[in-house]
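Taking it in order: structure first as structure tokens, then the write-up.
The values are calculated or read from the model by the stated rules, or taken from the named source; none is laboratory data. Note that this is a predicted model, so its numbers are computed, not measured. When we count neighbours, we look across all protein chains shown, and the Cβ atoms used for this are built from the backbone with ideal geometry, even at glycine.
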Amino acid sequence: MKSVCVRALILSVLLAVGGCGGGDGGADDTTPPITPSGYQWQLPKGFPTPKEASDNPLTEAKIELGRHLFYDLRMSVNQTMACASCHLPDRAFTDGRPTSIGATGEDHPRNAMSLSNVVYNATFNWANPGLTTLHAQALVPIFGEFPLELGWSDHETEILDRFRQDVIYQKLFAEAYPGEAEPVSADRVTKALAAFESILISGNSPYDQATFQGNPNAMSVSARRGQELFFSERMECFHCHGGFNFSQSVNHAGTRLAQAEFHNNGLYNIGGTGDYPLNNRGLWEFTQRPADMGRFRAPTLRNVELTGPYMHDGSIATLEGVIDHYARGGRIIQEGPLAGDGAKSPYKSELIVGFSLTTQEKQDVIAFLHSLTDWEFICDPRFIDPFGNFPRHIRCN
Ligand code: HEC
Ligand code: HEC
């Protein structure tokens, strides 16, 4: 037994996944991982066990309540918008816009992030080092005023009363928070949403089938060549988009120190000073340190085929455009108020150096990125909109 355990450990170090025994790793089929509170995760092969927030134990009832709230238009002040308005399942929980628009029409400076595997993120949003739980993150769209997203500020009681007066929600809240005299509150809403988001786990793409499930032919020959390139020192992608989740920002059961890294990947260099546009300066907004200008989190690349347009401000429309950006070693903007050569930014990461690819190689890298699309995830019946507010455009069998 012991040697198996050691082998699992070595493997887990190599793959940056799980451990051995005791519900610590997703790789072991025989002992399904269980949270400290007793919830049983359904994890893809090769995935580590997520960390359960100590102040938000998971239960099926809480997940079910969260699923309803996530798709419910009553979640916004004017009953026009839900979380799902900006996080559509068809688009791997993004909205397809360069930048989002709130319930009352206010422009958000940022692109809506995918919720694929959010439970594993060490920090949330594009560049907020202080946001470390999903329920804390949910307060941003709910109460945020700059910009206004769902617009609860000054309307909290009115919005909560909608749920208090609905017999379906009376039952859902009572089951999610048993034994509470007054189970409907903003805190409980965020925790139920977080519970639902925790199960949005994507790990059955062709890449996963080839890598973790022993089926190399699940990936095309072109995608496999692209994988070699992605993981090569020539392209350097894997340094920032590495590990099972193709992101450096990872946290799961067993990680001692959650990893939270932010990088400037050379999108802007306004006036040659390294500046990024106002409202989109990344980590700098929290630290005001020059070196943090334009530093954002490298997001997961899982389901990236479905999550365009790309980058924190949606300023690159296609994956071809993304590859061109990295190949040049940064983006040049020739004229206008944002003019400047991102490749020459003093704050750019030293891993963004540029490279050249043949047309075939570029196609291969894109085929690899497409091999991260997980249709089982997109069509998972556990994530379905209970109200039919968001008609699906993808046919799921
Ligand atoms: C108006 C559109 C909009 C609405 C409504 C919205 N979001 Fe978002 N979401 C965004 C944008 C934009 C970001 C990126 C924010 C940033 O970085 O500043 C984001 C980021 C997130 C993230 C971070 C993902 C990550 O990988 O870090 C989570 C989680 C999330 N939203 C969940 C929710 C939930 C839950 C709701 C409903 C309570 C919600 N969102 C409502 C647009 C929206
Ligand atoms: C130095 C770290 C770093 C390296 C190396 C790197 N990236 Fe990124 N990547 C990032 C960061 C940071 C972002 C977000 C930047 C932003 O929005 O300002 C990003 C964004 C992206 C996005 C957009 C994702 C989305 O959801 O919008 C894609 C696609 C991507 N990178 C692919 C690649 C590929 C392919 C390579 C290799 C050629 C690569 N990256 C190399 C850090 C890196």
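The residues listed here are 259, 227; of these, the one that is within 16 Å of ligand 1 (Cβ to nearest atom), out of contact with any Leu (no Cβ under 9 Å at 6 or more places or on another chain) and not hydroxyl-bearing (Ser, Thr, Tyr) is 259. Within segment 306-343, being closer than 15 Å to residue 275 by Cα and aliphatic (A, V, I, L, M) holds for 332, 333, 338, 339, 343. Residue 343 meets the conditions (1) assigned to a helix (DSSP H, G or I); (2) over 22 Å from residue 240 (Cβ atoms) in every case but one. The failed one is (2). Based on what the data block shows, is residue 298 in contact with a Cys (Cβ under 7 Å, 6 or more places away or on another chain) and not assigned by TED's automatic domain parsing to the domain that holds residue 87? So residue 298 fits the description; yes. Only one of the numbered conditions (1) within 29 Å of residue 53 (Cβ to Cβ); (2) within 16 Å of ligand 1 (Cβ to nearest atom); (3) in contact with a Pro (Cβ under 8 Å, 6 or more places away or on another chain) is violated by residue 254, and that is (2).
Among the numbered conditions (1) on the phi < 0 side of the Ramachandran plot; (2) more than 10 Å from ligand 2 (Cβ to nearest atom), the only one that residue 336 does not meet is (1). Listed by position, the helices (runs of 4 or more DSSP H) contained in segment 186-246 that have at least 3 residues being under 15 Å from the mean Cα position of the chain (by Cα) are 186-198.
Inspect all residues belonging to segment 265-272 and state whether any of them is at negative phi and within 14 Å of ligand 1 (Cβ to nearest atom). No; the residues of segment 265-272 include none that is at negative phi and within 14 Å of ligand 1 (Cβ to nearest atom). Exactly one residue out of 356, 345, 315 is under 18 Å from residue 235 (Cβ atoms) and either within 16 Å of ligand 1 (Cβ to nearest atom) or at pLDDT 95 or above (or both), and it is 356. Within segment 109-126, the set of residues being within 18 Å of residue 257 (Cα to Cα) and not aromatic (Phe, Trp, Tyr) comprises 118, 119, 121, 122, 123. Applying the set (1) surrounded by fewer than 21 Cβ atoms within 10 Å (Cβ to Cβ); (2) polar (S, T, N, Q); (3) closer than 24 Å to residue 372 by Cβ to residue 170 leaves exactly one unmet item: (3).
Among the candidates 228, 182, 175, 158, which residue alone is under 20 Å from residue 365 (Cα atoms), out of contact with any Phe, Trp or Tyr (no Cβ under 8 Å at 6 or more places or on another chain) and of a type in the set (Asp, Glu)? Give the steps one after another, and end with the answer.
Working: 182 fails: under 20 Å from residue 365 (Cα atoms); 175 fails: under 20 Å from residue 365 (Cα atoms); 158 fails: under 20 Å from residue 365 (Cα atoms).
That would be 228, the only listed residue that is under 20 Å from residue 365 (Cα atoms), out of contact with any Phe, Trp or Tyr (no Cβ under 8 Å at 6 or more places or on another chain) and of a type in the set (Asp, Glu).
Condition check for residue 379 on (1) surrounded by 21 or more Cβ atoms within 10 Å (Cβ to Cβ); (2) in contact with a Cys (Cβ under 6 Å, 6 or more places away or on another chain); (3) of a type outside the set (S, T, N, Q): one failure, at (1).
Among the residues making up segment 285-313, those that are in a loop (DSSP other than H, G, I, E, B), of a type outside the set (D, E, K, R) and crowded, with 21+ Cβ neighbours inside 10 Å are 293, 294, 299, 300, 301, 303, 307, 311, 312. Looking only at residues of segment 326-338 that are within 16 Å of residue 313 (Cβ to Cβ) and in contact (Cβ under 8 Å) with a residue 12 or more places away in the chain, we find that the one that is surrounded by the fewest Cβ atoms within 10 Å (Cβ to Cβ) is 337.
With the requirement that a residue be out of contact with any Phe, Trp or Tyr (no Cβ under 9 Å at 6 or more places or on another chain) and within 16 Å of ligand 2 (Cβ to nearest atom), what does segment 62-92 give you? Within segment 62-92, 91 is the sole residue that qualifies.
When the residues of segment 284-305 are filtered to those that are more than 10 Å from ligand 2 (Cβ to nearest atom) and hydrophobic (A, V, I, L, M, F, W, C), which remaining residue is farthest from residue 377 (Cα to Cα)?
Step one: filter segment 284-305 for residues more than 10 Å from ligand 2 (Cβ to nearest atom), giving 284-293.
Now drop any that are not hydrophobic (A, V, I, L, M, F, W, C), which leaves 284, 286, 291, 293.
Numbers: 284: 35, 286: 34, 291: 38, 293: 35 Å.
Here the residue is 291.
Checked against (1) assigned to a helix (DSSP H, G or I); (2) at pLDDT 95 or above, residue 55 meets all criteria but (1).
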